[in-house]
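Q: Can you read through this structure? Questions will come right after.
The values are calculated or read from the model by the stated rules, or taken from the named source; none is laboratory data. Worth saying up front: this structure is predicted, and the values here are computed from it rather than measured. Using ideal geometry, Cβ is built from the backbone for each residue, glycine included, and neighbour counts are taken over all protein chains shown.
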Amino acid sequence: MRTFFVLVFLGITGCLTAADEVPLDPVTGMKMTGDWEIVRNHCVICHSSKTFLQQQGTESTWTDILAWMQKHGGLWKLDPAVEKTIIGYLAANYGPGDKFRRAPIPLSLMPVNPYATEAKLEAEAKKKEGLIPAAPPATAK
C-alpha cells in the first residue's frame with residue numbers, strides 16, 4: 001500500500017512539472033514561448049544564445065543591456081515595437097529568480113578601500129603621462 005501512494009505521488013508531481021515546462025529550441029536552447037523567434041532572429045546574428053541565456057534581469061536590466069549594445073556593441077537601432085518585444089521576452093523568460101543578486105551598493109555608501117590607493121595613484125600617474133587614455137575612444141557613427 002505504501003508503494004502505491006509513493007507511485008501515485010511521483011506520478012502527480014511528474015504531471016505537474018511536465019505541464020509547467022516550456023519546450024526549448026534544440027538549436028539555441030531558448031524557451032519557445034511568445035515571440036521567441038523575434039528574439040532569436042535579432043540576437044543570435046551577433047552572438048551565441050548562451051550569452052543571454054545565462055543572464056537574469058528585469059525589464060530595466062535588459063533595456064540597459066540593449067542600450068549598451070547599441071552604443072558600444074554595434075547593435076543597430078531597433079524599431080520600438082521590436083525592442084519592446086525583445087525586452088518583454090527576456091524579462092519574462094530570463095528574469096530575476098529566487099537566486100537573483102541584489103543591486104550593487106552605491107559607491108557613496110562603500111567604505112574607503114585601503115588596498116586600492118596605490119593602484120589608483122599609479123593609474124592616475126599613467127594617465128598624466130599619456131599611457132592610459134583619459135576617456136574611452138569615440139565610436140564612429
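Q: With respect to residue 18, determine if the residue is among the small types (Gly, Ala, Ser), at pLDDT 95 or above and farther than 19 Å from residue 97 by Cα.
A: no
Q: When the residues of the stretch 68-89 are narrowed to those that are modelled with pLDDT of 95 or more and small (Gly, Ala, Ser), which ends up surrounded by the fewest Cβ atoms within 10 Å (Cβ to Cβ)?
A: Going through the qualifying residues, I end up with 81.
Q: Which residue pairs have Cβ atoms closer than 7 Å, lie 6 or more positions apart in sequence or on different chains, and pair a first residue in the stretch 62-89 that is over 16 Å from residue 40 (Cβ atoms) with a second residue that is at pLDDT 95 or above?
A: From residues that are over 16 Å from residue 40 (Cβ atoms), the pairs are 63/87.
Q: Cβ-Cβ under 8 Å, sequence separation 6+ or interchain: first residue in the stretch 45-59 and closer than 19 Å to residue 74 by Cβ and without any contact (Cβ under 8 Å) to a residue 40 or more places away in the chain, partner among the β-branched types (Val, Ile, Thr) and part of a loop (DSSP other than H, G, I, E, B). Which pairs?
A: Pairs that qualify, where the first residue is closer than 19 Å to residue 74 by Cβ and without any contact (Cβ under 8 Å) to a residue 40 or more places away in the chain and the partner is among the β-branched types (Val, Ile, Thr) and part of a loop (DSSP other than H, G, I, E, B), are 49/28.
Q: When the stretch 98-132 is examined, which residues are found to be assigned to a loop (DSSP other than H, G, I, E, B), modelled with pLDDT under 75 and not aliphatic (A, V, I, L, M)?
A: The answer is 98, 99, 100, 101, 102, 104, 113, 114, 115.
Q: Look at residue 23 and say whether it is closer than 26 Å to residue 138 by Cα, modelled with pLDDT of 90 or more and not small (Gly, Ala, Ser).
A: Numbers: closer than 26 Å to residue 138 by Cα: no; modelled with pLDDT of 90 or more: yes; not small (Gly, Ala, Ser): yes.
When the stated conditions are applied, residue 23 does not pass them.
Q: So, in the stretch 19-67, of the ones that are among the polar types (S, T, N, Q) and in a helix (DSSP H, G or I), which residue ends up surrounded by the most Cβ atoms within 10 Å (Cβ to Cβ)?
A: Among those residues, the one meeting the criterion is 61.
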